[in-house]
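The values are calculated or read from the model by the stated rules, or taken from the named source; none is laboratory data. These numbers come from a predicted model, not from an experiment. Cβ atoms come from the backbone with ideal geometry, glycine included; neighbour counts cover every protein chain shown.
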Amino acid sequence: MNWFLLALKKYAIFSGRSRRSEFWYFVLFYLIIYFVLALLDGFTGTFDSDSGMGLLSGLFALALIIPNLSVTVRRLHDTNRSGWWVLLCLVPLIGQIVLIVFMAKNGDVGENRFGADPKDEPNGFATQLAG
């Protein structure tokens, strides 16, 4: 849960790098919260089956567009790719598969053109969360 909070804390920071764990834990908790809210939408009658979205889950998804985009861009930076690669998601199926492969790859060891290796931080996660 701390990785999710870290991504929210850096919600509009598109520079720098994010570790795999930061990205994947953000995705995990995002999906868990989204599905819980979708269930609540179903129980309260605010779920629209035509659009596949409910009031609570829709507001949650809308609120986290920027944090989701920023953690994705920082993850791409960790693999030494420009954030513009996120536009691959606009290519049906193939684009999403390629992005998943990029997100699953190890980041560059040491410094790259986007900054220092986040694994090399002296106090690791605690420093990132505090700073």
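Key figures
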item: Subset of segment 50-66 that is of a type in the set (Gly, Ala, Ser) and not in a helix (DSSP H, G or I) - its residue that is modelled with the highest pLDDT; result: GLY54
item: Residue in segment 16-39 that is surrounded by 19 or more Cβ atoms within 10 Å (Cβ to Cβ), touching a residue at least 40 places away in the same chain (Cβ under 8 Å), among the hydroxyl-bearing types (Ser, Thr, Tyr) and assigned to a loop (DSSP other than H, G, I, E, B) present; result: yes
item: Failed criterion for LEU5 (all others in (1) without any contact (Cβ under 8 Å) to a residue 40 or more places away in the chain; (2) more than 26 Å from ARG113 (Cβ to Cβ) hold); result: (1)
item: Unmet requirement for VAL73, which otherwise passes all of (1) at negative phi; (2) at pLDDT 85 or above; (3) surrounded by fewer than 17 Cβ atoms within 10 Å (Cβ to Cβ); result: (3)
item: Looking only at segment 43-76, and only at residues there that are of a type in the set (Val, Ile, Thr) and over 17 Å from the mean Cα position of the chain (by Cα), the one that is nearest to PHE14 (Cα to Cα); result: THR46
item: Output for segment 113-131, where each listed residue is at pLDDT 80 or above, more than 15 Å from TRP24 (Cβ to Cβ) and in contact with an Asp or Glu (Cβ under 8 Å, 6 or more places away or on another chain); result: PHE114, ASP117
item: Test for VAL109: is it assigned to a helix (DSSP H, G or I), of a type in the set (A, V, I, L, M) and at pLDDT below 95; result: no
item: Among (1) of a type outside the set (A, V, I, L, M, F, W, C); (2) assigned to a helix (DSSP H, G or I); (3) free of Cβ contacts under 8 Å to residues at least 12 places away in the same chain, the one test that SER70 misses; result: (3)
item: Flag if GLY95 is in a loop (DSSP other than H, G, I, E, B), at pLDDT 85 or above, surrounded by 11 or more Cβ atoms within 10 Å (Cβ to Cβ) and not aromatic (Phe, Trp, Tyr); result: no
item: Yes/no for GLY54 being touching a helix residue (DSSP H, G or I) at 6+ places or on another chain (Cβ under 8 Å), free of Cβ contacts under 8 Å to residues at least 24 places away in the same chain and of a type outside the set (A, V, I, L, M, F, W, C); result: yes
